[in-house]
Amino acid sequence: MKQFRYFSRPGAIKHTVQKAFGVLMLFFYALLMSMNNPPPALTTGLVLIFVYLLGLWVIGFLFRIFSMRITSVADEAEATMLSSVTRDLLSKLYLPVLICDEDGKIIWYNKALAQIFHAGEVLYGRYLDQYCTATAREIRTAEALDGFPVAVLPTVHAHFHNNTVFNEERDSLRRDFRVKNYDFTAEGKNFSVLIWNDKRDLVTLEQKMENAETVVGYILIDNLDEVLQFVQEQYRLASAQVESILSRWIADRDGLIREYERNKYLVVFEARHLAALKESRFSVMDEIHTVRVGESNMPVTISMGLAHVGGTLSEKEAAAHAALDLALQRGGDQVVYRTEAGVEFYGGRTKSVQKRTKVKSRVFAGELAALISGSSNVLIMGHRFADHDSVGSCIGIYKFAEFCGVRANVVVNDQDPNTRICLEWFRSRDDYRGVFVDAPSAQDLVTSETLLIICDVSNPVNFEAQSLYECVRTTVIIDHHRKTGELKYPPALMYIEPSASSASELVSEMLEQSLPLGSLPKEEADLLLSGILLDTNQFTRNTGVRTFSAALYLRSEGASPSDAKMLFRTSLDDFMREAKFESNVIIYRDIIAIAVRDSDGSTADDRIAAAKAADRLLTVSGVMASFALVRIDETVHISARSQGNVNVQLILERMRGGGHYDVAGAQLRGVPMQTVLEQLKSAIDTYLAEIT
């Protein structure tokens, strides 16, 4: 095939003939040299042949030189023509094109680019970042296949080198592009060809599609029955007022609202209204608060769950229902807004109202008994830095599991001084020998059928043994604090009642519904009563009918208030620790007391003293809420208390904390005390600005 291709070229044939004549000439020359007297005619013929071949070679050599020159001129002409065509194409191309050097200095651009820059001046020699929000280096090093996102704003003959922020007026004229870079080298220098693809239409379309997305929500009037418990004949009037407000609110947003059960509504509207709703912080809740019936001063409240997530309508509805459940678990009177990015909370500024019925506790107790009976063993734990409410509720659940006939253990921290008295009280008894275990020992007790019951906490960060929660498949949560988010592993059962004073109150109700009368030992009853006393501050805070009902049950089982208070005895050292907090107190915004202790050598006992100091600060005239801060090693602990007019839980949620309406806490690791104090004041300012 190579030979065929070679001889298919005319020039190759000519060279082959010349080589053949050369071979013949050498042959005749050798023949002449072998003859003694060669004939003159033969000699003359050979000389003529030689001259002829030499002439052919010279002519061929000159022809090749001339051909090479013609080819070079043709190549230059072709390159010149191609360069002219390329420039003409780039100049007339509808896409903006710009050529710059490595530093972003503009070398060349077409008319389309001059139009998008709105430049009434020559751009040559200027820098790219004077006219857009990106540098040449950023565009050149971008890894996105569709280019680097760049915004172009009118320059108005002003220079904004080094990415100076553009003002709001020009922001309204902003145009978004995707810029693709192509590098080339010329005369030893590097240049970039930047092609700009206008994304304005695509961005506009995406925005329209996003605004037209469906938002599904559930609304529940969560306290109307309690408000109207003495004026039932006015129920229809109050319900109609609330429905009128909700209907007007959703009609203003071109939405749809339907009542599917008594006091329960389904709403649907477009996502374009969400920005205004969030800016007003869902002011419809404040309108609902104006509905009052009879002589009652308690406002009507609603809970709302909204879902702005992807997926089908069925998936949106399920997400909205989960959001409503979360709003109720946090105490109601608030909006829980779920998105793909997370959960946002709005409202929650009124205290939770205790329900009059114990049906929920009885139903939960039955479900828990069935779950315990189907387990091989039960592990029970509370929160870190356990208090009397945490330990008391764990002991109450232990008695519940014992009544179900299943082996149970309570996970505790032996080094926690706050629970030392409680644990010593029970460890001296034979029936509690081996019941209390630490976290490593509890890991050895885990099987595929183990049930983990968590009391007085719902945030995994504050679990006594978070690793234990990661290992057990089936869990149950019993808590009275407002839920702050979704759990990584959904529990099999969850009983979160923020209207309850304490976890001990919830557990006492369950025991009352399940255990035979007189079967709860006095020591367990005393410990449960101490948990209620602690979280209610001796029945002076966050109490309701169910709180006293639970205390009445415990009293009937032998609990003694004086014996329960013995668990709160403190040493002289603890008394002095509390005094150190009270010697460094500031009053902020006239109604907030803040006590700070920032010294080396603080221990867990100082954290307990901080909680007690926060309680005592509420006795100061004019103080509606108190915060006690103490630094232990690298962690700042905050204990917060309220008289009931300030929601300290919402304040500390902004600092990654949580708790109850009038009892809350937070822990910030690796943050200086002064920074924590500034963050706390900022959170207080934000909260007070929202409620005024």
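The values are calculated or read from the model by the stated rules, or taken from the named source; none is laboratory data. Since we're looking at a predicted model, the values are computed, not measured. Virtual Cβ from ideal backbone geometry, glycine too; neighbours counted across all protein chains shown. Side chains included, ligands, DNA and RNA excluded: accessible areas come from the protein's heavy atoms. Shrake-Rupley method; radii C 1.70, N 1.55, O 1.52, S 1.80 Å.
The accessible area of residue 568, taken with all protein chains in place and a 1.4 Å probe, comes to roughly 50 Å². Rolling a 1.4 Å probe over the protein heavy atoms gives region 503-640 an accessible area of 42 Å² per residue. If the chain linking residue 633 and residue 183 were pulled fully straight, counting 0.36 nm for each residue of separation and taking away their Cα-Cα distance, it would gain 156.5 nm. Grouping the Cα pair distances of region 366-516 into 10 Å bins from zero gives a pair-distance distribution of 11, 46, 38, 5, 0 percent in increasing distance order.
Listed values for region 613-619 are Karplus-derived 3J(HN,Hα) couplings in whole Hz (6.51 cos²θ - 1.76 cosθ + 1.60, θ = phi - 60°), namely 5, 4, 5, 5, 5, 5, 7, and x replaces Gly and Pro.
Ranking of 313, 506 by solvent-accessible surface, largest first: 313, 506 (1.4 Å probe, protein heavy atoms only, all chains present). Site pair residue 621 and residue 344 shows an inter-label distance of 4.4 nm when each label is modelled 7 Å from Cα along Cα→Cβ. The simple spin-label model puts a point 7 Å past each Cα toward its Cβ; for residue 94 and residue 560 those points are separated by 9.3 nm.
Need one value: the accessible area of residue 103 in square angstrom, 1.4 angstrom probe, rounded to the nearest 10. Spelled out: residue 103, probe radius 1.4 Å, area about 110 Å². With all protein chains in place and ligands, DNA and RNA left out, the 1.4 Å accessible area ranks 497, 261, 143, 523 as 143, 261, 523, 497, largest first.
Can you pull the accessible area of residue 598 for me, 1.4 Å probe, Å² to the nearest 10? My reading of the accessible area for residue 598 is about 80 Å².
Residues whose amide H lies under 5 Å from that of residue 635, counting only those 5 or more places away or on a different chain, are 670; hydrogens are built 1.01 Å from N in the peptide plane.
Projecting label points 7 angstrom from Cα along Cα→Cβ for residue 258 and residue 645 puts them 4.6 nm apart.
Quick check: residue separation of residue 682 and residue 568 times 0.36 nm, minus the Cα distance between them. What number comes out in nm?
Separation in residues times 0.36 nm, less the Cα-Cα distance, equals 37.6 nm.
Note on region 493-553: with neighbouring protein chains present and a 1.4 Å probe, carbon and sulfur make up 60 percent of its accessible heavy-atom surface.
Each 10 Å bin from zero up to the one holding the largest Cα-Cα distance in region 493-552 carries the following percent of pairs: 23, 56, 21, 0. According to the Cα-based calculation, Rg over Rh for region 401-442 is 0.98, with Rh computed by the Kirkwood formula.
Checking every one of the trypsin sites (Lys or Arg not before Pro) in region 271-314 against DSSP loop status and a limit of 16 other Cβ atoms within 10 Å picks out 281, 292.
Taking the centroid of alpha carbons for each part, region 601-667 and region 401-426 are 26 Å apart. At what distance in angstrom do the alpha carbon centres of region 514-581 and region 239-269 lie from each other? Each part's Cα centre sits 44 Å from the other's.
Report in % the part of the accessible area of region 570-692 that belongs to carbon and sulfur, leaving out ligands and nucleic acids; probe 1.4 Å.
48 percent
Shown here for region 420-509: trypsin sites (Lys or Arg not before Pro) in loop regions (DSSP other than H, G, I, E, B) with at most 13 other Cβ atoms within 10 Å, namely 429, 433, 473, 488.
Over 21 Å apart at the Cα level, from the set 483/522; 565/612; 278/316; 105/189; 316/358, are 483/522; 316/358. Using θ = phi - 60° in the Karplus curve 6.51 cos²θ - 1.76 cosθ + 1.60, the 3J(HN,Hα) couplings for region 196-202 round to 9, 10, 6, 9, 4, 5, 5 Hz; x is entered for Gly and Pro.
Listed by chain and number, the aspartates and glutamates whose C-alpha is less than 16 Å from the C-alpha of residue 580, apart from same-chain residues fewer than 8 away, are 598, 600, 605, 606, 615. Counting 0.36 nm for each residue step from residue 193 to residue 584 and taking away their Cα separation leaves a gain of 134.2 nm. The equivalent ellipsoid of region 540-692 has semi-axes of 27, 21, 14 Å, largest first, where each one is the square root of 5 times an eigenvalue of the Cα gyration tensor.
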